[in-house]
Every structure is written in structure tokens, then in C-alpha cells.
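Since the structure comes first, as C-alpha cells, the remarks are kept for the end.
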Amino acid sequence: TTVCDQGQTMGGESDIAAERRATARAEWEAYWKIRDIDSRGTFYPRARYYVHKMFDAPASWFRETIVEPLHAKNKMPYYQRELTRVPEIDDCGVNDKACYFEANEQFRLDKMVDGFILQILRQRVDRCMLYNQPNFNPCQKVIEDMEENELNFFIKYGELGAEADVRDAYMKQKHRMIWERRHPEVMAERARLYSDHKEKLANGEMDYEFWKKGTFFQDKKNLEPPYEFHLSKSTLEGDKPLSKDWQFYKKVAQDEEFAKAQDAKQHKMPLF
């Protein structure tokens, strides 16, 4: 089965394409207005403005009058293939090999699609930060979308390895739900911090330390002892030890201020 793209009409132009075209036309008109204002009272810049305008006027007229209407009239609708969902792994019988195979193939396809979605979100952040640097405030929404999707992707697929299948992901989900039930106070604190973060974001305040405690190489999961020349795990993994001191967690359990003191040693460099 196929579904038609949202806002798309048969043989016509989508609302999104029309909006982008109108935005591009307004930006082009604003460009010529700036050129006109900057060249007033001058000789060579004014002459260059008229020459450029002379070449641009017929080309813009031909595109807006002939090319764009033809594209809008003859544009074919975009269809996205919608695959029929098969039963999930929790619906399969213990010895149902066929059901397990279909659920595993569906899991692999979902992982691939989620990976491409995350890649697109990262590209949006890169383009936004490159365009608006050094002011990253206009990129708050795209950064928030990317960080949330990275977290969700890690929750579902993280630390499973390349050879993991749908049963591994199912077991990970089961263990995560058990852990959340055993630690309701931790989940309540997470919910409170997340709510405060969303409230700050709605007020125009982007607290990037909510997602990244400092820059990427200062994250605790990336810490490595200075006396070793090899990494304990791949940089793509996210469960590196906080410390190789075997008494570290014992000290944290005995003294609450010890963890705060260790965290204070982390030099934070916020982006906003």
C-alpha cells in the first residue's frame, strides 16, 4: 500500500513547496533592495547594480512566469511506501521461528530508519550552527530535537552491539522497565528536571548542560586515565567507567560531597 505525502495534491504542488518558493522569492527581492540601497550615491557600484539587474530581470521573469508554473502543474505526487507491520517479538511464540524471523527483520528495518532520521537531525544542527555562528540561539529547537532523538535511539539500540537482534532489544527493554520500577525516586527526579528544562526552553533559555555536561570530550563517559595509551572501549560506546579507582563508588556511597567534588573538577564550556 502507498500513502500520499501530506499536503500533496495529484498533479499539483504541495503547500510546503509553495511556501519555500514564496520564501525564496521574498529573499531574492530583499537581496536586490539591499543592493539598491548600498549602491546609491556611487558610480561603479551603481553601474554594476544596473548591469546585474539587467541580466537578472529576464531570467527571473522567465523562471517565475514559465518554468515554475509548468513545474507546479506537471509535478508528480510523492509516494512513500508503507510496509505492513508484522507481530512484535513479544507476540511470538517461544518456538515460532517464522514469527521471530519476521520480527527480527522488522527490528533491523526500524533501526535503519531511526538511524537515518537521526542523521538528518544531526545535519540540520550542523547547518544551523554553521549558518548562525557564533550565535546559536536560533538553533535551540533543532538541537533539542536532535538530543531527544539521540537519547531515544540510545535507549532502544544503545550498547547492544552490531550483532544484536530483536530479542536482545526486548530483554534490554524488560530490564529497563524493572529498574525504573525499583527506583521510582530516580525517575521522579528525572521527570522534574525534564519539566524544568522544557519550561526554560519555552522561555527562550537554552540550557545545553541538561544534555551535555560540558563539551563532548569532557563527558564523564569519555574520561580515560592519562597513564594509558589505549582506550578501554570504543568511543562509540556510552558506558565508560567514571573512574578506575576500585574505591570510587564506595566513596560516593559513604560521602555525598565526594561526587560533587569530582563533578566540580569538570571544566564546563556551555555553548549558549
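Scanning the stretch 151-199 for residues that are touching a Leu at 6+ places or on another chain (Cβ under 8 Å) and in contact (Cβ under 8 Å) with a residue 40 or more places away in the chain turns up just one, 169.
Residues that are at pLDDT below 90, of a type in the set (A, V, I, L, M, F, W, C), farther than 30 Å from residue 97 by Cβ and assigned to a helix (DSSP H, G or I) do occur in the stretch 207-216, at least one of them. When you scan the stretch 91-104, do you find a residue that is among the aromatic types (Phe, Trp, Tyr) and either free of Cβ contacts under 8 Å to residues at least 40 places away in the same chain or within 30 Å of residue 165 (Cβ to Cβ) (or both), even just one? There is at least one residue in the stretch 91-104 that is among the aromatic types (Phe, Trp, Tyr) and either free of Cβ contacts under 8 Å to residues at least 40 places away in the same chain or within 30 Å of residue 165 (Cβ to Cβ) (or both). In this structure, does residue 52 turn out to be part of a helix (DSSP H, G or I), touching a residue at least 40 places away in the same chain (Cβ under 8 Å) and not assigned by TED's automatic domain parsing to the domain that holds residue 154? No, not satisfied. Selection over the stretch 136-150 of residues that are free of Cβ contacts under 8 Å to residues at least 24 places away in the same chain and within 8 Å of the chain's Cα centre (by Cα) gives a count of 2.
The values are calculated or read from the model by the stated rules, or taken from the named source; none is laboratory data. Just so it is clear, the structure is predicted and the values come from calculations on it, not from any experiment. Every residue, glycine as well, gets a Cβ built from its backbone with ideal geometry; the counts of neighbours run over all protein chains shown.
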